[in-house]
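Have a look at the structure below, then the notes.
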Amino acid sequence: MRIRFLLLLYLLTCGLPMLVTMGAERHTPSRPSNIRRDKHRPATKKAIKATKRPAKGVRPKQDRKAKRQKIVVRRRVIKIVSKKGKTANRIPTKRLTRSRSLRGTVYYLASGHGGPDPGAIGRYGRFRLAEDEYAYDVTMRLSQLLKQQGATVYMMVRDPNDGVRNDAVLKLDNDEVSYSGQRIPLNQLARLNQTTSAVNRLYAKHKGAYQRLVTIHVDSRSRGEMIDVFFYHHENSAVGKRLANRIHKRFLANYRRYRPSRPYVGNVSTRSELYVVRKSLAPTVFIELGNIQNRQDQKRFLLASNRQALASWLAEGLMDDYRDQ
């Protein structure tokens, strides 16, 4: 017995393979790499099923308990891009300091059209651009600047619910009224007569004061024609001509300073046949801000900062005229 035990011990120490195992090893499958497991909780069939991609055209079910992402869409805000793909540059301008330099002056500001007549209509993509809305916005900005300098300002066209707006696309409406609050007629001659008659009545009231009428419009030409701001006056009005030239000179100076690479081609000319220019007692300048059909000119209206710059340059020109009279 002892000999057998020693023999068995010898065979074991020689490294012979064991013919019998104590039990089969458990097979543990590898965890899929695309499934994230919690450190303290094993993956379940439900978790594995959730990782599968949904069939094409089928939306995966969202967890109702998850917080919903709030998406804010600003209406009528558009990005203006130039031909080179860069965002359109703003017209630089300096802020006018508040003063009393225009104290005693009287200005009549008339934005073109309004009420039932929106004026020229341009298009920017799917948006409609109305002349009266942009002319009114620039006129409102000009009014604020002149009042800051101590001037008395009359808005000959007023909108009860639209002040200065910073949107790119200005909502088209027809609720504008005249200075006296009367409804603006659809007939063009009646509308023009309404404006000039009101100006002439106020002109008589302020007899002896420095008085000027500024009427602001947006022109409509062929889509491919780019124009600059230009000015009209009556051929027999030396004061109106001087007023137009002073503002024009200010635009020339600002273009040389801020846009040296782009020459300014706006000009001053006579348009005595224009009703407001012909019938108004106050020296008048008739201003066209650009072509509402042209993509490049539209940047002058769509950017609120550009509309503010237009108003600032107009105010500077009016201040030059009063100072140099």
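The values are calculated or read from the model by the stated rules, or taken from the named source; none is laboratory data. From a predicted model like this one, the values you see are computed outputs, not experimental measurements. With ideal geometry, Cβ positions are generated from the backbone for all residues, glycine too; neighbour counts draw on all protein chains shown. Surface accessibility is based on the protein's heavy atoms, side chains included, excluding ligands, DNA and RNA. Shrake-Rupley method; radii C 1.70, N 1.55, O 1.52, S 1.80 Å.
Numbers at a glance
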| read-out | value |
| --- | --- |
| Computed FRET value (nearest 0.05) for R201 with V265, which takes r as the C-beta separation and R₀ as 25 Å | 0.10 |
| Heavy-atom accessible area order for I121, I292, largest first, 1.4 Å probe | I121, I292 |
| Highest average packing first - 309-317, 163-171, Cβ atoms within 10 Å | 309-317, 163-171 |
| Linear extension gain, S305 paired with E225, 0.36 nm per residue minus alpha-carbon span | 26.5 nm |
| Listed pairs K207/K279; K249/K279; K147/K249 exceeding 19 Å between Cα atoms | K249/K279; K147/K249 |
| Table column - 3J(HN,Hα) (Hz), segment 209-216, Karplus curve with 6.51, -1.76, 1.60, x for Gly and Pro | 8, 6, 10, 9, 10, 10, 10, 10 |
| Spatially proximal aspartates and glutamates relative to K171 (Cα-Cα < 20 Å; intrachain offsets below 8 disregarded) | D117, E131, D132, E133, D137, D159, D162, D219, D297 |
| Rounded, prolate or oblate (a/c below 1.5 giving rounded, otherwise prolate when a/b exceeds b/c) for segment 193-235 by Cα gyration tensor | prolate |
| Nearest-20 debye value, segment 89-216 charge dipole, Cβ charges on Lys, Arg, Asp, Glu | 720 |
| Listed peptides 250-259, 193-202 by packing density, highest first (mean Cβ within 10 Å) | 193-202, 250-259 |
| Debye log10 I(q)/I(0) at q = 0.14, 0.15, 0.20 Å⁻¹ for segment 226-325, Cα point scatterers | -0.54, -0.62, -1.05 |
